[in-house]
Structures are given as structure tokens and as C-alpha cells.
Amino acid sequence: MIERAVILSTGDELTTGRIADTNAAWIADKLFEVGVDVTTILAVGDYPDRLAWAWRQALERGDVVISTGGIGPTADDLTTETVARVVGVPLVEDAASAAKMRQWFAASGRDMPLNNLKQALVPEGATIVPNALGTAPGYRIAVGDASIVVLPGVPREMKAMVEEVVLPWIRAQRGGAVYLARVFQTFGITESGLDELVAGVVPSDRGRLSFRASFPEISCRLVVHGEPAAAAAQLQEIGDQLKAAIGPFCYGEGAATTLEQVVGGLLGDVGLTVALGESCTGGLVGHRLTNVPGSSKWFRGGVVAYSNEAKESLLGVSAATLAAVGAVAEETAGEMAAGARRALGADVGIGITGIAGPDGGTAEKPIGTVCFGLATADGVVTAQYKLWGTRDWVKLLSSQIALEWIRRHVLGMSVRDMALFRNRR
């Protein structure tokens, strides 16, 4: 039975600090959901002796060792040959994987480098874990009472393989009671405020609550444990109570749910279109909205009007307004929103203008001052916020507020009722 796991990440890029090991964090999160205790996470560079040491250490500490990386076609991809050496079996070619590689290159009209066939080599006795999104297959092999699972390091390939093959296999090995989870995504409330808001909703003997701050949102996760049917019913009951307690701060459910996805779904459901007039965000709101498939149905477009001249000529902001209150003002944001709505023929217009820093601030308008406007056929609503952080933080937080304004407007909620960000300084 699988109770303990070790995650092994390989690659010089991890040990030299060139990239962060997000794969291990994601896998650990998934293993927690199925009740497997991650005892150790190891990161090791592309050196045969270090890899062999890491594998031996991992096998001593887990019932299953899940590895990512090091199964590509190049000389520094050493995972598979190291696993074969540690397990004490030869490498053999998986004919189906080799054929798939040849077909993939033929379909793309390219000659296949011979070193790609290295990816079809697996330790003798291994079970293939199919990779629908790439050329490198994964595999699983037993080592005494433990098991090794080897996966590619490319996140989108690895995640699909874990969700579709590895987790179902682990669940089948575990049997009996299960861990089930619901994750609620929130925005507009602090982590401590969220903790106070849901205090007492989840009795300690019926579930476990945890919070994760991942700027600019905070997720709240509920985990329950029990036999499958009973756990599912308990998760539904307590989860619904928890969601009600969080109230308007909860914008969506699911670990991978984004605010732009939620906004896009709402706009599509009610048949509204949106247009943007962006200044300090530089098109970031439009970028996030167009990351949502099908956004052409409800996103009319956006204007990045950075200079005052662009605000006047492209969005119709009054020269008198700019002279009287400046580029960063609620009045300007309101006229930008109305101008974007008018110019692009949308139901809803959003205007954003502010000071992202690190310079440009004044005593009256410090860095982090950002003004928003929302225009509809019924009029214009505006507000000013005092944000914080580095330039990229101010831009990202501003884009999140703009999306939250759209969500609240579609749901008939007040767009200005976000006290967390107002009068911050």
C-alpha cells in the first residue's frame, strides 16, 4: 500500500537556480489530495554519481518515488540509465514508443534525429506511462516493495500524465478511505481576514482547512477523509457552508480556476461584451482576457493609451479633464472607460490609469495610486485605490481589480465595495 512518497526532480537548471521547481510543488499538492505523505523532495543536477545517490536515498524513504526530468534525447538526460543501473536491469526499446516518435516526425515533415530513439529506452520490466502531448514516454517499475514512476519535466506533459494515469494508479493501490478536497479562490480579503470569516465553519473532526496566498489571490482548501461515498457527501455539505461563509470574496472554485476564466464565463452566459482603455496596465487586462478560449464572443478589444495625447485621440478623454485633474484621476479613468465602450461598441467599458512606479509618485498621488472606471449605458462608476509593491505587482493587482469589477458588475454587486485596497496608504 502506498503511504509515503518521495519526489525527485533532476536537472542542472534546478540546482543552479535558473528555474524554480514548480513541478515538485504541484505533484506534492496532488499527492496530498489522495492522502499520500510526501516525506522528502530532492533536487539533483545532471551528474551520474549524484543521481544514483539521490535514487538510493529516495527508495529508502518512500513507497513510491516520482521523478521528473532527465528523459529527453540529449547527452545530459541521464535519468533512465541511472534508474536501470540502480534497479539492476538492462535498458530495452519500447517498440510502440519508438514507432510513435517516427510517426510524429513524419507527420511534421521533418527527419527524426537518431538520438530521439533514446527516449524509447526504458528499464526492462517497466510499464509505460503514455505521454499524449510529447515524444518522451514515462514509465513505472517495481523495486522490491517500492515503485518508481518516471515522468518528463515539461509541466504540461507531466501534469496530464499524473492526472490521467499516475493518480488513478495510486488510488487503486491505496484502496479504502480517500481524501477529497474542494478549493475556493478568493480575492479582496486578507489571509487573516479570510481565516476569521470562516472560523468555526469546519469542525476539526469533520475536515481540515488550509490557506494559500498566491498573489494576487488567496485560495482556501477544504479536505475531508473517509470512505468514498461518505467523504463525498461530507465534502459537499461542508464545502457549501464554507462557500456561503466566504460570500462575495469567492470568485470561483477549483485549484486551477482563474478570475479571467470566471469573468469570461459570466460574460458569455449573460451575453455582454467588454472593451478596455488601459494605461498603467499596458494591455495586461486584455492579455488575460484573451487567454480564455472563446473570448472573441465577448471581448471587443482594448486600447493601450499611455500618453495624454493617446487618451485624448483614441479614447476621447477631454483635454480640460487632463488639465484640471491629470492623467491619474477618477474622472480620467471614467472618461477612458466611456471612450473604450463607445469606440469599440461594447456593453461595458473599463478604464485604468495609475502610477506603477518606481518613480512618478507625488505626495498627493504616491506610487500605487490607480484609478478605475466602469461605463455602461446607465452611466459611469469610478474609484481610486492605493496599491503597493513593485511595478509588476501594481500592474498585476490592477488587472485583478479590473477583472473583479467586471465580475461584480455582471453579478449585480457593488464594484466599489473592496475596502482591502482603498485608502491603503
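The values are calculated or read from the model by the stated rules, or taken from the named source; none is laboratory data. Source: prediction; values computed, not measured. Positions of Cβ are backbone-derived with ideal geometry, glycine not excepted, and every protein chain shown enters the neighbour counts. For the accessible areas, the whole protein counts, side chains as well, though only heavy atoms, and no ligand, DNA or RNA atoms are used. Shrake-Rupley method; radii C 1.70, N 1.55, O 1.52, S 1.80 Å.
Peptides 41-51, 182-192, 99-109 ranked from most to least packed by the mean count of surrounding Cβ atoms within 10 Å: 182-192, 41-51, 99-109. Across the alpha-carbon set of the stretch 283-423, the Rg to Rh ratio works out to 0.94, Rh being the Kirkwood radius. Among the DSSP helices (H) of the chain, those spanning at least 24 angstrom by Cα along their long axis with an average Kyte-Doolittle hydropathy of -0.5 or more are 228-246, 391-410; this is a geometric and hydropathy rule only. In this structure the amide hydrogen of SER147, modeled in the peptide plane, comes within under 5 Å of the amide hydrogens of VAL64, VAL65, none closer than 5 places in sequence on its chain. Take each peptide in 172-178, 247-253, count the other Cβ atoms within 10 Å of every residue, and average; sorted highest first, the result is 247-253, 172-178. What you get for the chain, charging only the Cβ of Lys and Arg (+1) and of Asp and Glu (-1), is a dipole of about 500 debye around the Cα centre. For VAL303, nonlocal amide neighbours, meaning residues 5 or more places apart or on other chains whose placed amide H falls under 5 Å from its own, are LEU276, GLY277, GLU278. Mind running the shape call on the stretch 18-69? Use the C-alpha gyration tensor, a ≥ b ≥ c as the square roots of the eigenvalues: rounded below 1.5 for a/c, prolate if a/b tops b/c, oblate otherwise. Oblate shape, in that a/c is at least 1.5 and b/c is the bigger or equal ratio.
Note on the stretch 265-374: with neighbouring protein chains present and a 1.4 Å probe, carbon and sulfur make up 53 percent of its accessible heavy-atom surface.
So for each of 117-128, 368-379, 346-357 I average, over its residues, the number of other beta carbons within 10 Å; can you give me the resulting order with the highest mean first?
In descending order of packing, they fall as 346-357, 368-379, 117-128.
Looking at the stretch 145-195, the accessible area is 41 square angstrom per residue; that uses a 1.4 Å probe and ignores ligands, DNA and RNA.
Once each part is reduced to its C-alpha centroid, what is the distance from the stretch 352-395 to the stretch 25-78 in angstrom? Centre-to-centre distance over Cα atoms comes out at 45 Å.
The Cβ shell under 10 Å around ARG4 holds other residues with a net charge of -2, Lys and Arg each +1, Asp and Glu each -1.
For the stretch 154-220, with all protein chains in place and a probe radius of 1.4 Å, 48% of the accessible heavy-atom surface sits on carbon or sulfur. For the chain, the mean residue ellipticity at 222 nm estimated from helices alone is -11500 deg cm²/dmol, where every DSSP H run of n ≥ 4 contributes -39500 (n - 2.57) and the total is divided by all residues, rounded to the nearest 500.
Here the Karplus relation 6.51 cos²θ - 1.76 cosθ + 1.60, evaluated at θ = phi - 60°, turns the backbone of the stretch 366-378 into coupling constants of x, 4, x, 6, 9, 10, 10, x, 10, 10, 9, 5, 8 Hz, with x for every Gly and Pro. Summarising the label geometry, the points placed 7 Å from Cα in the beta-carbon direction at ARG4 and GLU309 lie 6.9 nm from one another. Scanning residues 5 or more positions from GLY361 or on other chains, those with amide H under 5 Å from its amide H are ILE367, with H placed 1.01 Å from N in the peptide plane.
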